[in-house]
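Heads up, the thing below is written out as structure tokens.
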Amino acid sequence: MRMLRGWRRALLVVLACACTWGVVEILLPRRAARASGPPDYVTTGVFTPAHPSVLAAVKDFVDIHPEHPVQPIAYTHTMHLAKGLPCTFCHVGVDQGPEARIPGVTVCMSCHQSIATDRPEIKKIAAYQARGEEIPWVRVYNYSGSAHVRFNHAPHIRAGVACAACHSDLTKQTTAERKIDLNMGFCINCHTQKKVSIDCETCHY
């Protein structure tokens with residue numbers, strides 16, 4: 001009986017520490033995500049809900065994500081959208097399949113081979129190309145692998161859902177920020193308003 005009480009006490013201490021850490025993470029200013037190296041969500045290509053570290057697992061569980069991830073290139077959406085560049089120019093395939101691909105160095109340099117070549121950020125892109133490297137962009141929006149979410153951009157685009165509905169107004173952002181929390185409640189509310197399926201199989205596999 002005494003041993004059982006001891007385990008309960010230890011469990012309560014662990015839970016209290018975890019809750020305290022979670023509250024501190026939420027209340028204190030969050031540190032920007034590092035731009036160098038692959039982000040936490042990158043895997044070997046084999047599906048697994050595992051996390052690279054215990055800290056990453058806890059952050060995923062309590063849904064803590066950096067709101068202002070630091071990017072290797074200070075890409076400004078404001079400027080490019082103001083010049084009339086459509087989202088589909090850089091995010092190829094968003095209207096054809098599940099993914100809105102993040103542009104590689106070749107896409108950037110297709111314009112910047114001759115445009116604004118003297119600017120520091122463009123020189124960084126040119127340096128990536130010269131080294132034969134891709135730009136290690138930090139993903140802003142993504143779903144936890146353990147959520148088993150199957151999201152397809154194409155039918156949403158065909159249905160006339162504006163990019164801003166899920167990604168906020170990018171005409172007012174420089175580097176992309178996580179302005180909307182794409183949790184289950186957000187998705188179900190949208191599907192309910194638009195009178196489309198909210199069956200589990202619609203989004204989960």
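Just so you know, all these numbers are worked out from the coordinates, no wet-lab data involved. Everything quoted here is computed from the prediction, not taken from an experiment. All Cβ positions, glycine included, derive from the backbone under ideal geometry; neighbour counts span all protein chains shown.
Can you compute the FRET efficiency between Lys195 and Glu134 using 1/(1 + (r/R0)^6), with r the Cβ-Cβ distance and R0 = 35 Å? Round to the nearest 0.05.
Using R0 = 35 Å, I get an efficiency of 0.30.
Return the FRET efficiency for the residue pair Cys187, Lys83: r is the Cβ-Cβ distance, R0 is 35 Å, and the value is rounded to the nearest 0.05.
Taking R0 as 35 Å, the efficiency between Cys187 and Lys83 is 0.65.
Under 17 Å Cα to Cα from Lys179, which lysines show up? Leave out anything in the same chain fewer than 8 places away.
Hits, sequence-local ones excluded: zero.
What FRET efficiency, computed as 1/(1 + (r/R0)^6) with R0 = 25 Å and r the Cβ-Cβ distance, is obtained for Ile102 and Val58, rounded to the nearest 0.05?
Here the calculated transfer efficiency is 0.45.
Suppose the chain between Asp118 and Tyr141 were pulled fully straight at 0.36 nm per residue; how much longer would it get relative to their current alpha carbon spacing?
Taking 0.36 nm per residue and subtracting the Cα distance, the gain is 5.2 nm.
Which whole-number percent gives the relative contact order of the stretch 142-205, counting Cα pairs below 8 Å spaced six or more residues apart?
Across the stretch 142-205, relative contact order equals 45 percent.
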